[in-house]
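Below is one structure, written out as structure tokens; the observations come after it.
The values are calculated or read from the model by the stated rules, or taken from the named source; none is laboratory data. What you see is a predicted model, and the numbers here were worked out from it, not measured in a lab. Reconstructed Cβ throughout: ideal geometry from the backbone, glycine too, with neighbour counts over all protein chains shown.
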Amino acid sequence: MVHRHRDVTGGTVRAAVFGVSDGLVSNVALILGVAAAASTRESVLVAGVAGLLAGSASMAAGEYVSMKAQAELVERELAIEKRSIANQPEMEARELAAIYRQRGADAETATSMAEQVHQNPDIALDVHAREELGVDPDETGNPAAAALSSFFAFAIGAIIPLFPWFFSEGNAAVIASSILGLISAATVGVILARFTERSMLRTAGRQVSWAVVACSVTWVIGSWLGAVV
């Protein structure tokens, strides 16, 4: 049976999923914390929009810097490996043969396989990258795409609990934000479960639990600050 694997190394899907989750949890917690401090509707809106913009920009910048640094590190290691293959092909062939022996091939077969691989320097580099470095030289990820994905995903997650405050205020808006936050957290959990093929109930429950913890902490702190002020 032919089967396909999902791309788990590129970074864009990962950035989108975690961006939505982070935006949702952080902004619903921020909104409820500010609301608990007995702030006005305008204050909650300002805080929510500020959290959305700051969080989106921070997530995008962090994702870009992280993936760019990772890509540059991989490129550096590939350059080192390429020079070594060109200058010391016998040593590199022995290293590759040793890897094949560790994986169960006998000495003669391992040596023969390594020699065949090294007949083409480009193929040799590709194989050494996978076997020694554990990376696919053609799949180092796209930092710009991951950053954009992270930015918009965070913004989408962050705007959801803010919607009620555009149309209402007080307890009604707090309840609506909480409900939207919990439903969205559960939805993110279900999506993650589809990707990982894990239990939807367990994954959704985990997402909701973390959201409840974060919101409870900020609500308590916001209530305490409001009482003090």
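Give region 137-174 a look and list any residue that's modelled with pLDDT under 90 and among the β-branched types (Val, Ile, Thr), or say none.
Once the filter is applied, which keeps residues that are modelled with pLDDT under 90 and among the β-branched types (Val, Ile, Thr), region 137-174 yields Thr140, Val174.
Which of the residues that make up region 95-120 are under 27 Å from Glu72 (Cα atoms), of a type outside the set (Asp, Glu) and surrounded by 13 or more Cβ atoms within 10 Å (Cβ to Cβ)?
Leu96, Ile99, Val117, His118 - these are the residues of region 95-120 that are under 27 Å from Glu72 (Cα atoms), of a type outside the set (Asp, Glu) and surrounded by 13 or more Cβ atoms within 10 Å (Cβ to Cβ).
Against the definition (among the charged types (D, E, K, R), under 18 Å from Leu24 (Cα atoms) and at pLDDT 85 or above), how does Arg206 come out, yes or no?
So Arg206 passes the test.
When region 142-167 is examined, which residues are found to be surrounded by 17 or more Cβ atoms within 10 Å (Cβ to Cβ) and either closer than 24 Å to Ser84 by Cβ or more than 27 Å from the chain's Cα centre (by Cα) (or both)?
Pro164, Trp165
Being in contact (Cβ under 8 Å) with a residue 40 or more places away in the chain and surrounded by fewer than 17 Cβ atoms within 10 Å (Cβ to Cβ) is the filter here, so list the residues in region 69-81 that pass it.
Matches in region 69-81: Gln70, Ala71, Glu75, Glu77.
Considering only region 134-158, state which residues are in a helix (DSSP H, G or I) and free of Cβ contacts under 8 Å to residues at least 40 places away in the same chain.
Within region 134-158, no residue meets the criteria.
So which pairs qualify, if the first residue must be in region 186-197 and free of Cβ contacts under 8 Å to residues at least 60 places away in the same chain, the second must be among the hydroxyl-bearing types (Ser, Thr, Tyr) and surrounded by fewer than 18 Cβ atoms within 10 Å (Cβ to Cβ), the Cβ gap must be under 7 Å, and the two must be at least 6 apart or on different chains?
As it stands, the answer is Ala193/Ser199, since those pairs meet every condition given.
What's the number of the condition Tyr100 fails, among (1) within 28 Å of Phe18 (Cα to Cα); (2) part of a helix (DSSP H, G or I)?
It is condition (1) that Tyr100 fails.
Could you tell me which residue of region 163-222 is nearest to Arg41 (Cα to Cα), considering only residues that are small (Gly, Ala, Ser) and outside any helix (DSSP H, G or I)?
In this case the residue turns out to be Ser168.
Say we look at region 96-113 and pick out the residues that are modelled with pLDDT of 85 or more, of a type outside the set (Phe, Trp, Tyr) and touching a helix residue (DSSP H, G or I) at 6+ places or on another chain (Cβ under 7 Å); which of these is farthest from Glu131 (Cα to Cα)?
Looking at the filtered set, the residue picked out is Thr111.
Checking Thr40 against (1) within 30 Å of Gly181 (Cβ to Cβ); (2) among the β-branched types (Val, Ile, Thr); (3) surrounded by 14 or more Cβ atoms within 10 Å (Cβ to Cβ), which single condition isn't satisfied?
Result: Thr40 passes all but (3).
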